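Please read the structure below before turning to the comments.
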């Protein structure tokens with residue numbers, strides 16, 4: 001057994017649990033037995049399935065107003081049965097969708113002004129006719145017995161996927177509230193039992209789903225309603241979940257074995273038929289495992305009914321256990337916020353909200369660092385709030401990479417995901433199974449950044465395709481230029497003031513600023529390319545090792 005510990009910058013990630021004054025109390029959580037996370041969140045709001053009479057409802061809590069909620073709270077009402085799931089749009093913080101047991105999807109625009117009534121006195125509340133609830137801007141008929149899950153498309157605005165009770169996933173264009181119910185939709189079929197979980201890949205090209213029939217399926221809406229791949233998944237029928245591993249061609253499922261052991265599987269999404277790449281038996285508890293992915297290559301596992309949140313790091317198709325956040329208070333539901341809402345000053349790489357009893361408790365996961373300032377190695381660019389496609393583009397068959405934003409500057413950077421073509425997706429499964437690096441090697445530098453990058457040592461991007469050894473040499477030579485190039489962005493005010501004091505025209509100053517911004521963007525894009533080269537190199541090493549072992553076994 002090796003005495004050396006695997007190096008990882010996330011080994012000492014610790015949970016920072018919010019104090020009581022930062023929690024949300026007096027929350028009336030739905031008692032419905034349907035398996036969802038019960039809440040959703042972004043950096044502005046938290047939505048939670050509410051235990052309400054007279055039809056279904058859910059509550060939206062402003063993040064900046066923690067404390068004890070009023071007994072009579074303004075709810076989002078409009079469904080005639082229990083609300084089962086909610087989801088915030090990745091592009092509009094005030095736009096939320098809800099799925100209900102009545103077979104409809106509710107579309108809601110949250111008006112911040114309505115939260116002013118939370119500060120009213122009793123007399124003001126009486127004078128204004130009591131607490132005013134939120135009304136949906138539209139209700140879309142799902143055509144089934146229930147809408148169990150709702151998931152937004154990651155790159156196209158106002159495209160919503162909904163899992164219905166008649167075992168169909170339907171895609172809706174909800175951009176126009178008045179015509180949303182009659183908007184064109186795509187139906188994805190092939191399920192023989194209840195759909196338990198679904199998720200999009202990085203570019204929204206492929207959708208993956210688990211079902212109570214113990215199968216895992218992938219769909220490409222461009223190829224029709226039938227699944228592209230079908231494979232056997234966890235042996236137990238209880239609560240199987242699936243998440244896509246960021247911009248990788250990997251997915252992680254959680255579920256139960258036939259002996260009721262809780263499991264985690266790692267899949268190659270280009271070849272599901274070959275079975276899971278990795279199987280991890282977690283324990284024998286009965287609570288359903290909720291998985292969540294972070295672009296730091298970390299998967300968080302939270303079990304319903306227990307208070308622990310474990311996290312694993314994915315590296316070279318291995319799931320390495322890091323540690324876990326332990327709590328004596330069991331959680332009923334949990335959700336994570338998008339990475340663009342993280343507090344980089346505190347080195348917060350992930351933030352969750354969990355329900356414990358009648359309280360919603362924020363939990364931050366932070367990396368301990370002595371160095372001050374922005375830590376670029378633990379904060380890769382995050383998906384931005386700008387969609388890459390319109391709904392019409394999506395339903396016309398177009399695909400695009402995600403728009404990304406730098407967490408340091410807030411400015412857009414080049415995307416890190418490849419977009420499969422319609423023709424290649426049809427035949428990709430057999431061909432790509434032998435080379436897991438295809439999706440990682442696809443990204444290319446943005447054309448606008450090519451001149452700036454030509455002077456950078458990262459130019460030889462074809463190196464990993466030829467051999468594994470040149471990539472480490474290129475990566476090793478890159479950090480010094482990064483440190484030398486980054487400070488150029490800081491002296492901007494000094495250089496500007498010096499130029500103006502010497503009589504330089506404002507036009508030249510503007511040109512200098514533009515050049516500095518181009519250099520800054522080039523540095524960020526180069527750092528992104530470095531990370532992809534390192535990932536490709538590690539994958540090539542793994543493939544070489546497997547090939548060497550296979551060759552030795554054949555001899």
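Every number in this text was worked out from the coordinates using simple rules, so none of it is lab data. Worth saying up front: this structure is predicted, and the values here are computed from it rather than measured.
Let a ≥ b ≥ c be the square roots of the eigenvalues of the Cα gyration tensor of region 14-366; is it rounded (a/c under 1.5), or, if not, prolate (a/b larger than b/c) or oblate? Walk me through the intermediate numbers first.
Details: a/c = 1.79, a/b = 1.26, b/c = 1.42.
Oblate, since a/c reaches 1.5 and b/c is not below a/b.
Kindly identify region 73-113 as rounded, prolate or oblate by the Cα gyration tensor criterion: order the square roots of the eigenvalues as a ≥ b ≥ c, call it rounded if a/c is under 1.5, otherwise compare a/b with b/c, prolate if a/b is larger, else oblate.
Values: a/c = 2.64, a/b = 1.42, b/c = 1.86.
It is oblate, given that a/c is not under 1.5 and a/b is not larger than b/c.
So, in Å, what gap is there between the alpha-carbon centers of region 307-345 and region 101-134?
33 Å
Tell me whether region 189-273 comes out rounded, prolate or oblate; compute the Cα gyration tensor, take square roots of the eigenvalues as a ≥ b ≥ c, and use a/c under 1.5 as the rounded threshold. Write down the numbers at each step before the final one.
Details: a/c = 2.10, a/b = 1.39, b/c = 1.52.
The shape class here is oblate.
Between region 245-277 and region 355-406, what's the alpha-carbon centroid distance in Å?
Using only Cα atoms, the two centres lie 23 Å from each other.
Only Cα pairs under 8 Å and at least 6 apart count here; give the relative contact order of region 14-366 as a rounded whole percent. All intermediate terms of the calculation are to be shown ahead of the outcome.
Values: 913 pairs, mean separation 46.1, N = 353.
Result for region 14-366 is 13 percent.
Run the numbers on region 173-272 and let me know its relative contact order in percent, using alpha-carbon pairs under 8 Å that are six or more apart.
Numbers: 209 pairs, mean separation 19.9, N = 100.
That works out to 20 percent.
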